Amino acid sequence: CIRNHRTGREDAVRWQSGSHRVPLARHATLQASIQWSVDLVEPLARTVLVRLSVFQTSFSYDAALAVGQDDEPAELVSDAIGALVDANLLQFDGPADRLRMLHTVRRFCTLGAQDSAELDGAHRRHARYSATYCEEIGEGVHGIERGPFIREMPNLVAAMEWARENEPRLVFRMCTGLASVRTVLGSHGNIADTWKWLLSLDRGPSGGEAWRQEW
């Protein structure tokens, strides 16, 4: 039962009103409106909302399930995603039925999340999902149209930035997967900078050698 979900996560998106108080009345009204919507959904849905805030642009349902599910049954997480759509905390985006979170809701989640472990776990799942997605790009699974890749880039860049500090192997998987479509993507500064970062690891006097041995 969702109501018996771990109590430590129940207030995962409670706004920290002290240090993040916004002086403008209309922003305070918006904050209260979002809080009201959040309070209407079950604790698991609140937790899933925090997890999905790691996405920087629209995302597929499969991506939402991969990032939103930790140790809960998939069907409960799927129900939670549906509840977030019903509460207008997530919205459908475009003809492909992708999902998106408004910037104001994402900011609400980021500033209000009390459990940093929830965000860390979500970032890790997001980076791993992104690495697999990039490998599938390299294998031609997602076709060769430029539009879908460009649409996904904010999410992939966010995953790269997290992985650079936490799981460099995932950065390598992402970059090698995207290499096959580099002409389609054009010049993308974030990817170029990440490649330079990988090469600098390889050249290091000691760190680079240790990094190579891990593969």
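The values are calculated or read from the model by the stated rules, or taken from the named source; none is laboratory data. Bear in mind the structure is a predicted one, so any value in this text is a computation, not a measurement. We work out accessible area using only protein heavy atoms, side chains counted, and drop any ligands, DNA or RNA first. Shrake-Rupley method; radii C 1.70, N 1.55, O 1.52, S 1.80 Å.
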## Note on the structure
Against the 2.2 N^0.38 Å rule of thumb, the C-alpha Rg of the range 27-97 sits at a ratio of 1.10
### Task
Could you pull out every residue, at least 5 positions away or on a different chain, whose amide H is within less than 5 Å of the one on residue 98? Hs are placed 1.01 Å off N in the peptide plane, and Pro or chain starts have none.
93
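What's the extension gain from residue 97 to residue 196 if we count 0.36 nm per residue and subtract their Cα-Cα distance? Provide the component values of the computation, followed by the final result.
On the way: separation 99, 0.36 × 99 = 35.64 nm, distance 3.55 nm.
That pair, residue 97 and residue 196, stretches by 32.1 nm at full extension.
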### Task
Give me the percent of the accessible area of the range 51-146 that comes from carbon and sulfur atoms, probe 1.4 Å, all protein chains in place.
48
## Note on the structure
Expected vector for the range 35-40, Karplus 3J(HN,Hα) from phi with 6.51, -1.76, 1.60 and θ = phi - 60°, integer Hz, x for Gly and Pro, equals 4, 4, 5, 5, 5, 7
